[in-house]
Each structure stands twice: as C-alpha cells, then as structure tokens.
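First up is the structure itself, then whatever we jot down about it.
The values are calculated or read from the model by the stated rules, or taken from the named source; none is laboratory data. Predicted model only: the values in this text are computed from it and were never measured. Cβ placement follows ideal geometry from the backbone for every residue including glycine, while neighbour counts extend to all protein chains displayed.
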Amino acid sequence: MAPLQNSLKTAMSDKDLTMDDFTVQDSDVVRPPEASVQMAKPRSAEHEQGALADAPRRAEVRNLSFFYGEKQALNSVSFPVLDRKVTALIGPSGCGKSTLLRCFNRMHDLYPDNRYEGEIRLYPEDMNIVSGDVDPMYVRLRIGMVFQKPNPFPKSIYDNVAAGLWVRGVRRKSIVDERVELALQRAALWDEVKDRLRESAYGLSGGQQQRLCIARALAPDPEIILLDEPTSALDPIATSKIEELISTIGGQVTIIIVTHNMQQAARISHFTAFMHLGNMVEYDATEKIFTNPAEKRTLDYITGRFG
Ligand code: ADP
Ligand code: MG
C-alpha cells in the first residue's frame with residue numbers, strides 16, 4: 001500500500017487528477033448487493049417526526065471528529081445520509097464542509113498526520129468506512145467525488161468517462177461503450193458530445209467539463225457522489241444545467257453537495273446540514289431549515305447576518 005499511497009499523494013498534489021485515475025490491485029468490479037439499505041433507528045426526537053423517521057439511509061455519520069495534525073476541524077458531527085436523496089452541506093467559509101465531505105472517500109488518508117475519530121457507517125453492510133481496517137481504495141470505488149474546479153484528464157471525452165470503468169475492471173468494449181453513453185446522458189452531456197467522443201476533453205467549455213467530471217463519477221454507478229461546490233467556478237447558465245442534472249439524478253443516486261449558495265441548496269436538496277466552526281448545528285429537511293430552523297445560529301446564517 002505504501003508505494004501506492006505515495007504515488008497517489010504526488011499525483012493528487014498536482015490536483016489535476018482524481019482517485020479514478022489510478023489502477024487498483026483487485027480489478028474485480030466492486031458492486032454492493034442491491035439489497036435495500038438499512039432502516040436505521042431514528043436517533044433524535046427531531047428525526048422521529050415526518051419523513052426522517054423511516055427514510056432509508058445510505059450512510060450515517062456518528063460522532064465524527066477530524067484532526068489535521070493538532071488542528072481539530074470537525075467536532076463530533078452526527079447526521080444521516082438518506083438514500084437517493086440530495087443532502088446539502090452549508091455554512092460559512094472554513095466551517096469544515098470540505099473536510100467533512102472528504103472524510104466520505106477517505107481523501108484525508110493521503111497525509112499521515114490526519115486523524116479520524118468516530119464513524120461513518122455505510123449501509124447495507126453497516127461498515128465504518130473511516131476505520132483503519134477499511135481500505136481507502138475500496139471506499140473510493142464506492143463513493144465518487146467531483147471537485148470545485150473541473151478536472152478532466154488530458155485525454156479524450158470518451159476516455160475520461162471510461163477511466164472510472166477500467167479502474168473497476170470493466171474491460172469489454174461493448175459494455176464500456178454502453179456505460180459511457182449512459183453516464184453522459186445522465187450528466188446531460190451526451191447530445192453535445194456524441195459526435196466528438198474522441199476529441200480532447202480540454203476542448204469543452206468549463207460547464208461541459210464539469211458535466212464530464214460528473215459523468216466520470218457516475219459511470220461506475222457509485223452509491224454516493226460527493227460534490228464540493230461544483231458550480232462555483234461556472235457561469236449562471238452552466239450552473240443551472242448542473243443544478244438541473246443534480247435534481248434529475250438525485251432520485252437515483254445518493255448525493256452530498258457542499259455549497260455556499262443558499263439558493264442552490266434550497267433549490268436542489270432534500271435535506272440540509274448547517275455547520276459552524278466544525279460543529280453540526282442543525283440537520284433537517286431543506287424546507288424546514290430555510291423556513292423554520294430550530295437554531296438561532298441557522299436563522300442568522302440563512303438570513304445573511306453572518307458568514
Ligand atoms: P470549508 O470547506 O467549510 O470552507 P474546510 O473544511 O476547508 O472548510 O476547513 C475547515 C477548517 O480546517 C478551517 O479552519 C481550515 O483552515 C482547516 N483546514 C483545512 N484544510 C487544512 C489542512 N490541510 N491543514 C490544516 N488545516 C486545514
Ligand atoms: Mg470548502
């Protein structure tokens with residue numbers, strides 16, 4: 001594992017690559033059982049009301065703390081991640097949104113001083129994916145990530161999307177072709193690129209490149225997709241295309257999105273988690289958070305009094 005970790009670290013620091021660009025040892029396709037997800041017991045009085053009570057969960061964060069060396073960036077955070085719903089993480093800059101998102105695919109393991117405490121349980125196996133016993137590469141095969149700045153590989157449009165499949169051992173051309181097309185359709189990009197699949201991804205506009213990165217993340221059919229401010233580098237039209245596609249795929253795949261744009265959170269998410277100074281202040285249905293939050297700090301933030 002050590003040489004692989006090192007090469008990952010080097011490659012990641014040049015930040016044009018994602019985990020998908022690396023070959024894994026075990027080239028079997030990792031697919032979880034299609035079994036229904038865990039019906040976890042509600043954990044707070046709030047969750048006992050309404051939709052939250054018996055909604056199926058894809059994951060659950062429990063008392064998760066995270067440390068960059070000495071610096072604690074997350075302080076015993078807990079919240080559920082509902083299956084095939086869009087969960088938005090909001091809060092002022094520096095509150096720990098990206099740190100939390102990166103825990104979900106063990107991105108922090110690239111640096112040895114980083115440390116997790118607590119759990120992120122992934123269902124249906126009910127496995128703690130931040131445990132030292134779980135291989136980060138395995139987690140990354142099941143949970144895909146898209147970054148703020150579009151980061152296509154310097155390859156063709158087709159190869160960018162196919163990369164995530166090759167890494168998972170999908171080799172047969174007919175299947176790769178089929179899944180590349182499907183992913184591009186789900187990312188609302190197919191019509192724009194179907195006649196130029198062999199051209200460089202760098203020839204696409206910024207918005208198209210970001211949809212390509214979403215297609216790359218979707219191609220292997222991950223269980224959760226993590227999006228860290230995916231539209232903050234894009235113009236309004238490109239942004240609305242991405243919001244539209246998130247709304248469309250939101251019923252098919254579990255999405256966690258970090259956004260500093262509250263209108264965006266309100267438009268596209270089903271559930272919203274408000275963070276402040278490394279703490280999870282409030283988590284609830286998006287409508288509740290934006291109309292009648294329980295905490296004063298949430299109200300102050302959504303009404304623009306700070307942040
Ligand atoms: P957000 O995404 O909400 O803006 P971050 O998760 O990036 O916030 O940062 C949360 C806190 O962790 C901030 O105080 C930030 O300075 C700190 N932090 C982020 N990355 C590192 C790092 N690599 N090393 C040390 N501290 C970090
Ligand atoms: Mg951030």
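List of remarks:
- Restricted to helices (runs of 4 or more DSSP H) entirely inside segment 1-120, those with at least 1 residues that are modelled with pLDDT of 60 or more are 50-54, 97-103.
Rundown of residues vs (1) over 28 Å from Thr272 (Cβ atoms); (2) hydroxyl-bearing (Ser, Thr, Tyr), yes/no style:
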{"position": "Leu74", "(1), (2)": "no, no"}
{"position": "Lys97", "(1), (2)": "no, no"}
{"position": "Cys103", "(1), (2)": "no, no"}
{"position": "Tyr111", "(1), (2)": "yes, yes"}
{"position": "Asp135", "(1), (2)": "yes, no"}
{"position": "Val139", "(1), (2)": "no, no"}
{"position": "Tyr158", "(1), (2)": "yes, yes"}
{"position": "Asp191", "(1), (2)": "yes, no"}
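- Taking the conditions (1) within 16 Å of ligand 1 (Cβ to nearest atom); (2) within 25 Å of Gly250 (Cβ to Cβ) in turn, Gly164 satisfies each one other than (1).
- Residue in segment 241-260 that is touching a Phe, Trp or Tyr at 6+ places or on another chain (Cβ under 9 Å), under 22 Å from Gly96 (Cβ atoms) and within 16 Å of ligand 1 (Cβ to nearest atom) present: yes
- Selection count where residues are within 14 Å of ligand 2 (Cβ to nearest atom), surrounded by 22 or more Cβ atoms within 10 Å (Cβ to Cβ) and assigned to a loop (DSSP other than H, G, I, E, B), scope segment 225-274: 3
- Tally, over segment 96-113, of residues that are within 12 Å of ligand 1 (Cβ to nearest atom), of a type outside the set (D, E, K, R) and within 17 Å of the chain's Cα centre (by Cα): 8
- Meets criteria (closer than 29 Å to Ile120 by Cα and in contact (Cβ under 8 Å) with a residue 12 or more places away in the chain) for Ala201: no
- Segment 75-95, subset within 13 Å of ligand 1 (Cβ to nearest atom) and crowded, with 23+ Cβ neighbours inside 10 Å, residue nearest to Pro222 (Cα to Cα): Ala88
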